[in-house]
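Everything below concerns the one structure shown next.
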Amino acid sequence: QFNVGQHALCWIHAERLVHKLETFTDQQRAAQQIVRSLIWWYYADLKAYRLDPTPRRRSELRAHFDRIFLRTTGFATLDRLLQRLHANKAELLMVLDHPEIPLHTNGSENDIRCQVTKRQVSGGTKTDTGRDCRDAFLGLGKTYKKLCVSFWDYLGARLGVPNAP
């Protein structure tokens, strides 16, 4: 259902893979921190590019991506992860061709997190209709919270409750 438009991989999730690597030596920790810093600097450059995209800057950013993700750090696990991320270059750099595409998906993932949490805590519903209703109401609640509208006021107005705002 979400296979519409252009999609890119999330930079926050890409960096999180580097952040979560288990390090055991000072050299590994240093390599991890250097790569994380390079990724965050690159992310800042991508954000700036989105505001003022130019063909020259696009080619510079593509080359810079290769310098970050084709490097060898001496930390085998990190090196394999960098290769894996480099293999996703097209999806990570989608923003260079389509600056309107967001660099991360945290907002949309946060929007559906309440449904997942409720399902994990309650163990689900007895019927598919119950699940659909629960998910719809959780989604409405989240939407009205974002709009600073009381969900109960909305329901009262929709259901014709007397004296509802």
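For the stretch 21-36, the condition holds for at least one residue, the condition being that it is closer than 17 Å to residue 104 by Cα, in a helix (DSSP H, G or I) and in contact with a helix residue (DSSP H, G or I) (Cβ under 6 Å, 6 or more places away or on another chain).
Regarding residue 68, is this residue modelled with pLDDT of 95 or more, of a type in the set (Val, Ile, Thr) and open to solvent by 50 Å² or more (accessible area, probe 1.4 Å)?
Numbers: modelled with pLDDT of 95 or more: yes; of a type in the set (Val, Ile, Thr): yes; open to solvent by 50 Å² or more (accessible area, probe 1.4 Å): no.
No, not satisfied.
The values are calculated or read from the model by the stated rules, or taken from the named source; none is laboratory data. Quick caveat, the model's predicted, so the values are computed rather than measured. Backbone-built Cβ (ideal geometry, glycine too); neighbour counts: all protein chains shown. When the accessible area is computed, the model is the full protein with side chains, heavy atoms only, and any ligands, DNA or RNA have been set aside. Shrake-Rupley method; radii C 1.70, N 1.55, O 1.52, S 1.80 Å.
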